[in-house]
Amino acid sequence: MKRAILRPEGTTLKRSAGVSLPPFELKRKTREPLHVQLARQLRRLIASGAAPARLPSTRALAAHLQLSRNTVVAAYESLGADGVLESKRGSGTRRRPAATGLLKRSDLLRDSHYPFAAQPFHDPDGHPIYFHR
């Protein structure tokens, strides 16, 4: 969690949250690209449960590992495409919860984009029309 520091002039600054990942090693001298190594290490940490629910921002992790931000973004996007991570602009990147095999009705309806809170109406021909609140 970020703490705010109130300066005498009245401006508020946010303190950096830091990176809370267990240490891991990236080998810069190998032929394997760094973003592939990083994605593999993050996948291992997530699978073992050692990674926090909310991962550090791409900028914070890039600064911590002394990598280009593009390298971290490529690794996060690779993991997102594989369904390991989910990210939303402004909300950060989180690991996806492990699938239990059971689907809840609300999740199924939300994921299928069915109008959950829709009001059914009928056109003059009797066809249903859904009005979203």
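The values are calculated or read from the model by the stated rules, or taken from the named source; none is laboratory data. All values reported here derive from a predicted model rather than from experimental measurement. Here the Cβ positions follow ideal geometry from the backbone for every residue, glycine too, while neighbour counts run over all protein chains shown.
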Subset tally (residues that are out of contact with any strand residue (DSSP E or B) (no Cβ under 7 Å at 6 or more places or on another chain), assigned to a helix (DSSP H, G or I) and either under 10 Å from LEU21 (Cβ atoms) or in contact (Cβ under 8 Å) with a residue 24 or more places away in the chain (or both)) for region 43-57: 2
Filter result (over 16 Å from the mean Cα position of the chain (by Cα) and surrounded by 10 or more Cβ atoms within 10 Å (Cβ to Cβ)) within region 19-29: PRO22, PHE24, LEU26
Within region 66-89, is there a residue that is assigned to a strand (DSSP E or B), at pLDDT 85 or above and among the acidic types (Asp, Glu)? yes
Out of the residues in region 31-42 meeting the condition of being assigned to a loop (DSSP other than H, G, I, E, B) and surrounded by 10 or more Cβ atoms within 10 Å (Cβ to Cβ), tell me which one is nearest to the chain's Cα centre (by Cα). PRO33
